[in-house]
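Inspection log for the structure reproduced underneath, given as structure tokens.
The values are calculated or read from the model by the stated rules, or taken from the named source; none is laboratory data. None of the values given here were measured: they were computed from a predicted structure. Positions of Cβ are backbone-derived with ideal geometry, glycine not excepted, and every protein chain shown enters the neighbour counts. Keep in mind that these areas ignore ligands, DNA and RNA; they rest on the heavy atoms of the full protein, side chains included. Shrake-Rupley method; radii C 1.70, N 1.55, O 1.52, S 1.80 Å.
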Amino acid sequence: MKKNKIIVLALAFVFLSYIPALFGGFVFDDGHMVASNILIRSIKYIPYFFKGEVTSYLPQPKGMFRPLLMLTFMLNYFISRLSPWSYHLFNVLLHLANIYLLFILFCLTFPKADRRLLAAFAFLFGIHPVNTEAVAYVSSRSDLLVSFFLLFALIKYIQKKYRLSFLFFILAFLSKETAVIFLPLIFVYDLFLKTKTPSKKRYKFYLIVFLGTLFFVILRQFLYGSATTPSHLRSFLDNIATQSYVSWFYLELFLFPFKLCADWPIYTIKFLSFKGLSSIALIIAALTLSFLGRKRYSYLALGVFFYFLSLSPKFIAILNFPACEHHLYFPSIGLYIILAYFLSKFSYRRTKYLFWFIIPTFALLTFWRGFDYKNNYTFWRSVLKVNPHSGSALSNLASQAANEGNYSKAEELWQKAWHNSRRLSSRNTAYLDLIRLYLKEGKADKAQEILNLAFAQEKENYSVRLWNFKAMIYAYKKEYKKAEKIWLDLIKDYPDYPEFKADLGVLYLRWKKFDKARQFFEQALSEDPQEASWHWRLGLIYEREGEEDKAWEEYKKAAVLGYKDWNLYFKLATILARHRDKKAEGFFYKASLLAPWEAKIWFNWGLFYLDTGISPSKGVLYLRKAEGLGYRIPEELWHKIRTLPEKR
């Protein structure tokens, strides 16, 4: 009973350390994986998860077969829609479960060690600042989930419950592809710790796991083909050198987690460079020495092999971001096994003071880092402190500036990201955003210039997005037929992506083909009802066709979904004012906050007060404000106001 209380208190302490993360928002890839991902918004998209699709953003990422992960995102969506709290709570609870499972694994692996010492190591894993990214960053749930099922699979294997072990192995593979390490892990576990499982049963289980692994590898190859290895990022040998260097870099973060970053300035380490060759040589030496000394130092050998085997999938996968802290989440268990081997030689009483110092220190660092995940702005500002040339950080901060109307600052940051970033994906994102900005500013020639450069440099299957922008430029130049052809082709090639239908709807609005605009906006919203701007534009069409009730419903949906435009609130206020509804006052107020310079807001607001008699004095005041902003008030209206009876 006392032991259970200690475990509960330890887990509660970890939970408290993640309180700031619980109140975080969606950052980085959460945008396309969750916030704008229509695939998690309806159960009709569940089959897509088993076809290897994880996002509705194009180009579709290749190589991510994670149906179970996507089902958890769908569950969160049904619980809290796009409110981040349930997503973060799920991650934190999953992390707590992993801490408890790790404690059980340590108890099975070190049966003679002091349980308090093993609990301290599990506690240290839970509170370690380097794991903050895996927990606070919603999209890195894949690492939490695959760790959860791999830990269960390992525990059940050690307990000789092979059917359950295989089931959890399958669930791990449905969470993330890194589950491929399970067979090598149980093999080295048996090899170094001399498990007394009868050989026939053990080898039979090896064979079954091998066949299961082979099935998933073949399935992945069938779904993605060679697209899973983007060689334009770095060659296979350079990737081995890069990940070898990163493996040692992670050790530095593990031992000194005082400066952490979501975008480390590590790109490509050449295979024949000193860094590359020395990193590879050190790994080979560590594995060789561990293998040779496995009889005398079995736990040390197990920890070394566990660490490098768990990182080995990254040596094959060629990643945009080769060094990510959440990639260390499961491999770090090998490091804790090494630490447990050394410290288990001492009693808990002799080591507890070390833990009493480290755990509160790490808890404070974890608590403090959770604030970095509050929103995109705080997240990317924290990145720039460590990596001032991060193209991803510069691009995201540029988006923030553009949303605030500071277009010159946004242009400066995107240009900087485009020209200075060493990562191709960051440059691609920057030029796409620059095109969007120039179109918004009406600078079609500049947008065309960058689009031409982008097509010339196209290397990463961004052509779908580029063609979409090409259509937008045609639409801006009123070359409607050319734009129409591109969007119709995109809809034909990508029928399940509603944004192209909505873009075509916008084109038809400009072209004044309102029937077609209505048709495509209705289609787009039937597939993704969460896009506020589409409701707004469909409402404009309904209002133009005299369907005021339908227009009102669409405007209301746009407002609920967070569409920030004074025109929307003005439309809602005007419709309510026609019916002399007092709720119009609130919408006039919201419109005036967003556009205090817009004279017609004050004019209509003033008329509403005069017409309803709610506040004639305010009505006159707002009419004069409208007049001061340049609105011409008819003389007959002033005459009518002067004849109103004075309110006593």
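The stretch 277-300 and the stretch 162-214 have Cα centres separated by 23 Å. For the stretch 180-326, the square roots a ≥ b ≥ c of the C-alpha gyration tensor eigenvalues yield an a/c of 1.5 or more together with a/b not exceeding b/c, which makes the shape oblate. Between the labelled values [x] 103, 59, 44; [y] 146, 77, 54; [z] 74, 57, 48, the entry that holds Cα extents along the principal axes in Å as derived from this structure is [x].
Here's the picture: charge each Lys and Arg Cβ at +1 and each Asp and Glu Cβ at -1 in the chain, and of Ala444, Ala430, Leu572 the one pushed furthest to the positive end of that dipole is Ala430.
Below 13 angstrom from the Cβ of Phe305, what's the summed charge of the other residues (Lys, Arg +1; Asp, Glu -1)?
Cβ neighbours under 13 Å give a net charge of 0.
The trypsin sites (Lys or Arg not before Pro) of the stretch 149-203 that DSSP puts in a loop, and whose beta carbon has at most 15 other beta carbons within 10 Å, are Lys160, Lys161, Lys194, Lys196.
In terms of the mean number of neighbouring beta-carbon atoms within 10 Å, the peptides 120-129, 317-326, 532-541 order highest first as 120-129, 532-541, 317-326.
Provide the packing ranking of 631-639, 487-495, 88-96, 242-250, i.e. peptides ordered by the mean count of other C-beta atoms within 10 Å per residue, highest first.
Working: 631-639: 11.3, 487-495: 15.2, 88-96: 20.4, 242-250: 22.3.
The packing order, highest mean first, is 242-250, 88-96, 487-495, 631-639.
Rounded, prolate or oblate: which one fits the stretch 1-125, using the alpha carbon gyration tensor with axes a ≥ b ≥ c (rounded when a/c is under 1.5, else prolate when a/b beats b/c, else oblate)?
Numbers: a/c = 3.00, a/b = 2.04, b/c = 1.48.
Prolate shape, in that a/c is at least 1.5 and a/b is the bigger ratio.
Built from the Cα atoms of the stretch 482-550, the convex hull projects on average onto 4.3 nm², one quarter of its surface area. Residues in the stretch 234-239 carry Karplus couplings, in order, of 6, 6, 4, 5, 5, 5 Hz; the curve used is 6.51 cos²θ - 1.76 cosθ + 1.60 with θ = phi - 60°, and Gly or Pro positions show x. Computed from Cα positions, the angle between helix 376-386 and the longest principal axis of the chain comes to roughly 50 degrees. Bridgeable lysines around Lys160 (alpha carbons under 24 Å apart, same-chain partners fewer than 8 residues away excluded): Lys112, Lys194, Lys196, Lys200, Lys201, Lys204, Lys295. Size descriptor for the stretch 310-418, Kirkwood hydrodynamic radius: 17.6 Å (Cα pairs only, one decimal). In the stretch 426-564, taking the dipole from charged Cβ atoms about the Cα centre, the farthest positive-side position among Met472, Tyr508, His535 is held by Met472. 3J(HN,Hα) along the stretch 388-395, derived from phi through the Karplus expression 6.51 cos²θ - 1.76 cosθ + 1.60 where θ = phi - 60°, amounts to x, 9, 5, x, 5, 5, 4, 5 Hz, with x in place of Gly and Pro. Applying both filters, DSSP loop and at most 15 other Cβ atoms within 10 Å, to the trypsin sites (Lys or Arg not before Pro) of the stretch 343-423 gives Lys345, Arg422.
Taking a ≥ b ≥ c as the square roots of the eigenvalues of the Cα gyration tensor of the stretch 519-565, is the shape rounded (a/c under 1.5), prolate (a/b larger than b/c) or oblate?
Numbers: a/c = 2.00, a/b = 1.15, b/c = 1.73.
Note, shape of the stretch 519-565 comes out oblate.
With protein chains left intact and a 1.4 Å probe, residues in the stretch 523-567 average 48 Å² of accessible area per residue.
The label-point distance for Ile641 and Leu93, in a model that sets each label 7 Å from Cα toward Cβ, rounds to 5.9 nm. Cross-link partners for Lys416 among the aspartates and glutamates, with Cα-Cα distance under 15 Å and sequence neighbours closer than 8 places in the same chain left out: Asp433. Considering only Ala301, Phe346, Ala281, the residue lying farthest towards the positive end of the dipole of the stretch 268-378 is Phe346, judged by Cα position with unit charges set on Cβ.
The stretch between Lys200 and Tyr377, if pulled fully straight at 0.36 nm per residue, gains 58.0 nm over its current Cα-Cα span. Counting charges near Gly276 (Lys, Arg +1; Asp, Glu -1) among other residues having Cβ under 12 Å from its Cβ returns a value of +2. For the pair the stretch 329-363 / the stretch 490-551, the C-alpha centres are spaced 59 Å from each other. Sorting 165-175, 28-38 by average packing, meaning the other beta carbons within 10 Å per residue, from highest down gives 165-175, 28-38.
Quick one: helix 532-544 against the long Cα principal axis of the chain, what's the angle to the nearest 10°, folded into 0 to 90? Its long axis makes an angle of about 20 degrees. Distance between the modelled labels on Asn567 and Lys516, one decimal in nanometres: 2.1 nm (7 Å Cα→Cβ projection).
Report the local net charge at Ala558: Lys and Arg +1, Asp and Glu -1, summed over other residues whose C-beta lies under 15 Å from its C-beta. Numbers along the way, then the final one.
Values: positive: Arg537, Lys550, Lys556, Lys557, Lys564, Lys571, Lys590; negative: Glu522, Asp528, Glu531, Glu543, Glu553, Glu554, Asp565.
Summing Lys/Arg as +1 and Asp/Glu as -1 gives 0.
Taking the longest Cα principal axis of the chain as reference, the axis of helix 274-292 is set at about 40 degrees.
With charges only on Cβ, +1 for K and R and -1 for D and E, what is the dipole size of the chain about its Cα centre, in debye, rounded to 20? Spell out each step's value before the answer.
Values: 86 positive and 50 negative charges, 510 e Å.
For this selection, approximately 2440 debye.
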